[in-house]
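Colleague: Below are the structure tokens for one structure; questions will follow.
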Amino acid sequence: MNSGYRDKVDGAAEKGTCDIRASGAALNDNASSPIDRSWVARAMAILADERRRAADTPLIRLPVPEIAGVDFYLKDETAHPSGSLKHRLAHALFAHAICSGEIGPGTVIVEASSGSTAISEAWFAHRLGLPFVAVIPAATAPAKIIAIREAGGEVVCVAPGTDLCVFAADLADQRGGHFMNQFARAAEATDWRGSNNIAQSLFAQMQREEHPVPAWIVVGAGTGGTSATIGRYIRLRPELARARLCVVDPEGSAFFAAYSAGDRAAIGRTSPVVEGIGRACVEPGFNPKLIDAMLAVPDVASVAGAHWLRDRLGEAFGPSTGTNVVGALLLGQAMQRQGRTGSVVTLACDTGARYAETIYDAKWCAVRRFDLRPWADLPAKLAAFAFPALPG
């Protein structure tokens, strides 16, 4: 290296930047700015503090005496500060984007969501001092819209048929912000091996139960991130080899169609009833190789599942939790028919308070011709459903 070039490099280093064109590399002035890095440090400290302070979500024993020999559990993700399973995802997305240099001080955060992810992201954005915009379907439950705004977020409702992700990406470009893109980044952002992810928490809690390794874990297909996290974790831990993963999906969604046909190009529809799970197309985070079984659940069954769970526990949850419960009961009945004992674990995704004007409103159900009376005895109703042979 000649002395003139060395002087150039040394001078640049003193300024906190180094333009090394001779080797084809360059450091970005902004990326190395002490102000930017100090903000990143403060932001990550806020996220780490929230992770430390957040109590683990409870594991609830669900009484189902109708299915003898099988224990049912509900991991209550509504206990998170932002009220849903999406609290974990929002934390992971912010941490990933900040550490990837995509979010800095003042960055406008934009997300496409049916509600719960937007609520959780708005919650974190407020704590980080960042503006947040939620792009949501016009038919989103009113209580969710209120919750987004109460968390400090702006709401943009779009008409039916609009591609939320395309709209949100365009809006982020217009405002010079960052499109969080939960559907594309959920599996990438979530640390499935790290401590305090949902799989580690769930299985640690199950260690105190009679059947510590569940026969089945049942989750919904939303972004694909939760099923990918749990599916990878049960392969990571040899002692969990007997556990199987079932993904439930609203009837008509692309995920179930893709799984059944072995074709990721499968097209479906988004459920107008079960917000948060089910998609019109297969998202990048969905990994069918990690799934042992899938079930497509009619919307009326999901609503009936939520109502049944409220009657059984005295606490209301959303329709995606109802979908999960239907899948768990079907699996438990299949185990009972085979003379197997064990445990089945599923998730409570969000609180029923967000659906007081939708699935828990009699007039709303009547307009959609949801007659829930035949579903009052949910286990008996589900017993008529056929389920394929379970893997060994």
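Colleague: Residue check: is LYS75 in contact with a strand residue (DSSP E or B) (Cβ under 8 Å, 6 or more places away or on another chain), within 29 Å of VAL325 (Cα to Cα), at pLDDT below 95 and among the basic types (Lys, Arg)?
Modeller: no
Colleague: Shifting gears a bit: Could you please let me know if ALA296 is touching a strand residue (DSSP E or B) at 6+ places or on another chain (Cβ under 6 Å), over 21 Å from ASN197 (Cβ atoms) and at pLDDT 95 or above?
Modeller: Against the criterion (touching a strand residue (DSSP E or B) at 6+ places or on another chain (Cβ under 6 Å), over 21 Å from ASN197 (Cβ atoms) and at pLDDT 95 or above), ALA296 does not qualify.
Colleague: May I pose another question? Working only within the stretch 280-297, note down all residues that are closer than 17 Å to ALA254 by Cβ, open to solvent by 30 Å² or more (accessible area, probe 1.4 Å) and not in a helix (DSSP H, G or I).
Modeller: Of everything in the stretch 280-297, those that are closer than 17 Å to ALA254 by Cβ, open to solvent by 30 Å² or more (accessible area, probe 1.4 Å) and not in a helix (DSSP H, G or I) turn out to be ALA280, CYS281, PRO284, ASN287, ALA296.
Colleague: To continue, here is another question. Of all the residues that make up the stretch 326-357, how many are of a type in the set (Ser, Thr, Tyr) and farther than 15 Å from ILE277 by Cβ?
Modeller: Total satisfying the criteria: 3.
Colleague: On the basis of being open to solvent by 10 Å² or more (accessible area, probe 1.4 Å) and touching a residue at least 24 places away in the same chain (Cβ under 8 Å), does GLY161 make the cut?
Modeller: Criteria not met by GLY161.
Colleague: Where in the stretch 69-152 are there strands (runs of 3 or more DSSP E), lying wholly inside it, with at least 1 residues that are over 16 Å from ALA168 (Cβ atoms), of a type in the set (A, V, I, L, M) and open to solvent by less than 10 Å² (accessible area, probe 1.4 Å)?
Modeller: Of the strands (runs of 3 or more DSSP E) lying wholly inside the stretch 69-152, those with at least 1 residues that are over 16 Å from ALA168 (Cβ atoms), of a type in the set (A, V, I, L, M) and open to solvent by less than 10 Å² (accessible area, probe 1.4 Å) span 70-76.
Colleague: Further question on the same structure: Taking the stretch 164-182 only, how many residues are farther than 20 Å from PRO284 by Cβ and open to solvent by less than 60 Å² (accessible area, probe 1.4 Å)?
Modeller: Total meeting the criteria: 2.
The values are calculated or read from the model by the stated rules, or taken from the named source; none is laboratory data. The shown structure was predicted, so the numbers you read here are calculated from the model rather than taken from an experiment. Cβ atoms come from the backbone with ideal geometry, glycine included; neighbour counts cover every protein chain shown. Please note that ligands, DNA and RNA were not included when accessible areas were found on the heavy atoms of the full protein model with its side chains. Shrake-Rupley method; radii C 1.70, N 1.55, O 1.52, S 1.80 Å.
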